[in-house]
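Here is the structure we will look at.
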Amino acid sequence: MTRTDPFATSLRTHLGGELRASHAGAKVRLGGWVHRARNLGGLVFVDLRDRAGIVQVSFDPAYTPAEVLERAASLGNETVVLVEGTVMARPQEMRNADVATGDIEVRATGLEIVGPAVPAAIPVARSRNENLAAEELRLRHRYLDLRRPELQKNIVMRHRLMQRARRFLSEQGFLEIETPILTKPTPEGARDYLVPSRVHAGEFYALPQSPQLYKQLLMVSGFDRYFQIARCFRDEDLRADRQPEFTQIDIEASFVDQEDVMALAEGLIGALWAEAGYEIPERFPRITYADAMERYGIDRPDLRFGLEIGDASKLFATLDFAPTKAALDEGGRVRGIVVPGGGKLSRKQLDELDVVAKSAGARGVLRVKRTGDTMSASKAAELLGVEGAGKLGIADGDLALFVAGPDHVTSPALDRIRQELARMLDLIPAGERRFVWVVDFPMFEKDPSTGALGAVHHPFTSPLPEDVSLLASAPQRARARAYDVVLNGTELGGGSIRISNPETQGKIFGLLGIDEATATKRFGFLLEGLRAGAPPHGGIAFGFDRIAMLLADAGSLRDVIAFPKTTAARALFEGAPTQVPAQDLEELHVKVAEAQA
Ligand code: ASP
């Protein structure tokens, strides 16, 4: 065979996991790890694992020299070996259809043990179904856990997606440009990771929360189309499945409108999903933020099931029912979900829904059940009667759940109830993918405690042209040229058309309570750039880890990141963060306020 294997080196001829029946007869040298060794007394079978998979190597006195066989008999799991032998087709009845290399085996004639002899700290599971060691233990021994075929497959998928993104964007004329890691705070709404400067006492760099300002400046400089597979750092409160450092596919383009960015994003998503073997629609439907909040209670709706939220305030206003009346009098609404066939939910399930709604801030959930013409489950149900039920679309066998209060209470509560119901009633079809754009986000949100306005996307987002006049009169009603792309209730990415006019940017800073002096201090370089002549520009950023997780069908973000942090933001393998010698702190002009325990 003269085929030059791209993985051939001076130590090996092939990857063992790539051997097939077509290699039968070939003399090969392989390198890898002993996945399992079985000693059958005189005969030794080794599952040899390398990056491409697992191949069976047999040691048999019929073809293996005695001293080689002896060495093979002593092999422990996870030992690194070099094997020499001949590929043989297995007899029909010995073939193993579950393994890609199952039609062949390698008959060993030579064996070199590279090392080591220490037993592996955790077993390396061969398949998804095998029991795994506790995650903390696996993260501590990440180099071993990464040997697992499943994690190897995930990391390979991540690589392929990254290359596909690069290729797709390069083909569209985007330039990959790196931006600094040691930088100045960028406002994406989280806390910054700070790095003290040794040479400038008392001064700090910030790690970028995103390349936002740099990518806008690249547009000012005329690069026209930029992208970066960018590492971002956000010191946010700990939450399951969030990483303090993560990767974005970050994009910015000039002389574009919202439609251009959205079409580009759809193309990129299509390419990434195609890389993983899925065909998806070319264009995604759209929903406005207001509509999403009204019908689903959340700005990233899961459209795989119905259970839309309806407004029942009008009807409840006619009822003599104190709890909802009070909420309505205070300016709130009564909103709810009709659950077709929901009458069959158990008491326990209903109680679970109560807990879910309360944890989202609701006082309680009002149950209305209809069985034939009988209304039950609450006083309100009786007051509503069959006529009221009819108006609300509650049919025989249905259950309706209502929450009363201001929208900022009812929306999250009903969103949680809706999701929980879908799970309980098994309403989510397997393999369903519902992409949707959420558009027309508000420019600002009010901090409930201080009343101050904050940017919903970020302060560089431009308002919808028809809402510019609202900035002076009712800024809270002004909508932004911002868009998020959502899949099955998960946000994949978001972006906006930016403000390219320095005066408008100044006004927005003003509304956000950032005075001129502060604006100049924090974002002077951007304002200067805008004054130097900025083209209309906009962009988007995708959460790459999340996309890789979805497309590798992995259970957590940690399963698609080679060296992830725990949910407590610790790196267990290398042991970070860590205390540093006093002398280092001194050089950095840093004093630690309290001694650590
Ligand atoms: N910089 C934004 C973010 O990280 C994305 C964008 O507006 O392009 O969310």
Among the candidates Glu352, Glu387, Glu445, residue that is over 30 Å from Asp553 (Cβ atoms) and over 26 Å from the mean Cα position of the chain (by Cα): Glu387
Identify the residue in segment 245-263 that is open to solvent by less than 30 Å² (accessible area, probe 1.4 Å) and away from the ligand (no atom under 11 Å from the Cβ) and, among all such residues, is nearest to Asp192 (Cα to Cα). Thr247
Subset of segment 214-244 [open to solvent by 50 Å² or more (accessible area, probe 1.4 Å), closer than 20 Å to Arg558 by Cβ and either within 13 Å of the ligand (Cβ to nearest atom) or at pLDDT 95 or above (or both)]: Arg231, Glu236
Flagged in segment 122-145 as open to solvent by less than 30 Å² (accessible area, probe 1.4 Å) and among the aliphatic types (A, V, I, L, M), in numbering order, are Ile122, Val124, Ala125, Ala133, Leu139, Leu144
Single residue of segment 185-203 satisfying the filter (within 16 Å of the ligand (Cβ to nearest atom) and assigned to a loop (DSSP other than H, G, I, E, B)) that is surrounded by the fewest Cβ atoms within 10 Å (Cβ to Cβ): Gly189
Kindly provide the set of residues from segment 454-493 that are within 11 Å of the ligand (Cβ to nearest atom), farther than 15 Å from Tyr289 by Cβ and among the hydrophobic types (A, V, I, L, M, F, W, C), ordered by number. Phe460
Looking at the structure I just gave you, is Gly110 at pLDDT 90 or above and open to solvent by less than 50 Å² (accessible area, probe 1.4 Å)? yes
What are the pairs, 6+ residues apart or on separate chains, where a residue within segment 136-158 that is more than 10 Å from Asp559 (Cα to Cα) has its Cβ under 8 Å from a residue that is open to solvent by 40 Å² or more (accessible area, probe 1.4 Å) and of a type in the set (Phe, Trp, Tyr)? Leu139/Phe573; Arg140/Phe573; His141/Phe573; Arg142/Phe563; Arg142/Phe573; Tyr143/Phe573; Arg147/Trp33
Positions within segment 201-252 being of a type in the set (Gly, Ala, Ser) and under 18 Å from Asn501 (Cβ atoms), in sequence order: Ser221, Gly222
Quick test for you: out of Thr9, Thr13, pick the one residue that is open to solvent by 60 Å² or more (accessible area, probe 1.4 Å), farther than 17 Å from Gly115 by Cα and within 40 Å of the chain's Cα centre (by Cα). Thr9
Give just the number: which of (1) more than 26 Å from the chain's Cα centre (by Cα); (2) of a type outside the set (S, T, N, Q); (3) closer than 19 Å to Ala190 by Cβ does Leu471 not satisfy? (3)
Hey, among Ala190, Ala201, Ala206, Ala165, which residue is in contact with a Pro (Cβ under 6 Å, 6 or more places away or on another chain) and among the small types (Gly, Ala, Ser)? Ala206
Got a number for residues in segment 420-443 being surrounded by 20 or more Cβ atoms within 10 Å (Cβ to Cβ), outside any strand (DSSP E or B) and away from the ligand (no atom under 16 Å from the Cβ)? 1
Determine which single condition Thr374 fails, assuming it passes every other condition in (1) open to solvent by 40 Å² or more (accessible area, probe 1.4 Å); (2) without any contact (Cβ under 8 Å) to a residue 40 or more places away in the chain; (3) closer than 20 Å to Leu307 by Cα; (4) over 34 Å from the mean Cα position of the chain (by Cα). (3)
Here is a check on your reading of the model: is Leu526 under 31 Å from the mean Cα position of the chain (by Cα) and over 24 Å from Tyr289 (Cα atoms)? yes
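The values are calculated or read from the model by the stated rules, or taken from the named source; none is laboratory data. Source: prediction; values computed, not measured. For neighbour counting, all protein chains shown are included, and Cβ atoms are generated from backbone atoms with ideal geometry for every residue, glycine included. All accessible areas refer to the heavy atoms of the entire protein, side chains included, with ligands and DNA or RNA removed. Shrake-Rupley method; radii C 1.70, N 1.55, O 1.52, S 1.80 Å.
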